[in-house]
1. Within region 61-73, is even one residue within 18 Å of V114 (Cα to Cα), surrounded by 15 or more Cβ atoms within 10 Å (Cβ to Cβ) and in contact (Cβ under 8 Å) with a residue 60 or more places away in the chain?
2. When Y6 is evaluated against the numbered criteria (1) surrounded by fewer than 18 Cβ atoms within 10 Å (Cβ to Cβ); (2) touching a helix residue (DSSP H, G or I) at 6+ places or on another chain (Cβ under 8 Å); (3) of a type in the set (S, T, Y), which criterion, by number, is the only one it fails?
3. Determine which single condition P229 fails, assuming it passes every other condition in (1) assigned to a strand (DSSP E or B); (2) in contact with a Pro (Cβ under 9 Å, 6 or more places away or on another chain).
4. Which residues, counting only those in region 227-241, are more than 16 Å from the ligand (Cβ to nearest atom) and in contact with a helix residue (DSSP H, G or I) (Cβ under 8 Å, 6 or more places away or on another chain)?
5. Given the residues V254, V173, V250, which is the only one that is away from the ligand (no atom under 15 Å from the Cβ) and either under 29 Å from I36 (Cβ atoms) or crowded, with 16+ Cβ neighbours inside 10 Å (or both)?
6. Name every residue in region 212-224 that is in contact (Cβ under 8 Å) with a residue 24 or more places away in the chain and under 15 Å from L274 (Cβ atoms), in order of residue number.
7. Does region 64-75 hold any residues that are within 22 Å of the chain's Cα centre (by Cα) and part of a loop (DSSP other than H, G, I, E, B), and which are they?
8. Looking only at residues in region 180-226 that are within 15 Å of the ligand (Cβ to nearest atom) and of a type in the set (D, E), which one is surrounded by the most Cβ atoms within 10 Å (Cβ to Cβ)?
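The values are calculated or read from the model by the stated rules, or taken from the named source; none is laboratory data. Just so you know, these numbers come straight off a predicted model, no measurement behind them. Cβ coordinates were reconstructed from backbone atoms using ideal geometry, including for glycine residues, and neighbour counts include every protein chain displayed.
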Amino acid sequence: MSEITYVNGRYIPTGEASVNVEDRGYQFSDGVYEVIAVSDFRLVDFKPHLRRLGRSLSNLDIEWPCSERVLKIVLTQLIKRNRLRNGIVYLQITRGVAPRNHAFPIEKIRSSLVVTVSRSGRPSAQKFTEGVKVVTMPENRWGRRDIKSVSLLPNVLAKQFAVQNGAFETWFVDDEQTITEGSSTNAWIVLAGQEVVTRPLGNDILAGITRMKLIELAKAGNIRITERPFTVDEAINAEEAFITSTTSFVMPVVDIDGKQVGTGKPGSVTNNLLTLYREHFSGSEEV
Ligand code: PDD
């Protein structure tokens, strides 16, 4: 079955879908995006994704291309037309089409909306049972990482660095030697006494929806969470480590820069959190 993509009001076979060469997303990466999981035809955590999208848009002064209600209809239609039981929806909103000029266009333009679906992308079961490796590199991104911008060049290079080093993810490390986040994931460690630590929200990381949900689930399950920055050394010497994102759920980390973490196997706290998240994910109400 050929997949269907949504481009500015039209549902088009993906192979034929295209955007204007003067779209500011294409020319300046002047746009934002969301990746939302689909579980059994339902959008997982749709509302928080929509809230974050709204924040990204307003931070960049980009107009909504349509109402939130219409956006939901588009996503639901695309899931239906693609018979997408499980996978992800990728949606991108750019400032729109205008002759190339760095400053915002003076004339009011309509923002562009593109939505695609993907059936693949979920890590293998083996990765969850064995855990994954991460490597680190100096933080080199701009200061507004809380905006889910499509300007992802440093993240692309960081992920490539991971691939070239046989790792699953790269963690960015700031000048204080603390880990900010991964190229497309949030970072966590588990210390003695089962204390789970993750960096607090701020301009220096993306407010992951998986992160937010996991904190809620952990609190409800009486698992202690501390939001504070942690260093690479702390992570290497932690009992457990893991990463979270829409596409990698709660993924155990067993090796950082070639050094074993804990027993070198996924730890019990990580596995408990993964179970809690999976229950939330598959039982998730469409909201
Ligand atoms: N990435 N940090 C960064 C830099 C990210 O790009 C992502 C998501 C996350 C986790 O956010 P969430 O839990 O809402 O997925 C953290 C998506 C999946 C991507 O770019 O494909």
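1. no
2. Of everything listed in (1) surrounded by fewer than 18 Cβ atoms within 10 Å (Cβ to Cβ); (2) touching a helix residue (DSSP H, G or I) at 6+ places or on another chain (Cβ under 8 Å); (3) of a type in the set (S, T, Y), Y6 misses just condition (1).
3. Among (1) assigned to a strand (DSSP E or B); (2) in contact with a Pro (Cβ under 9 Å, 6 or more places away or on another chain), the lone unmet condition for P229 is (1).
4. Across region 227-241, the qualifying residues are E239, E240.
5. V254
6. Passing the criteria: K213, L214, L217, A218, G221, I223.
7. Passing the criteria: W64, P65.
8. Taking the candidates together, the pick is E181.
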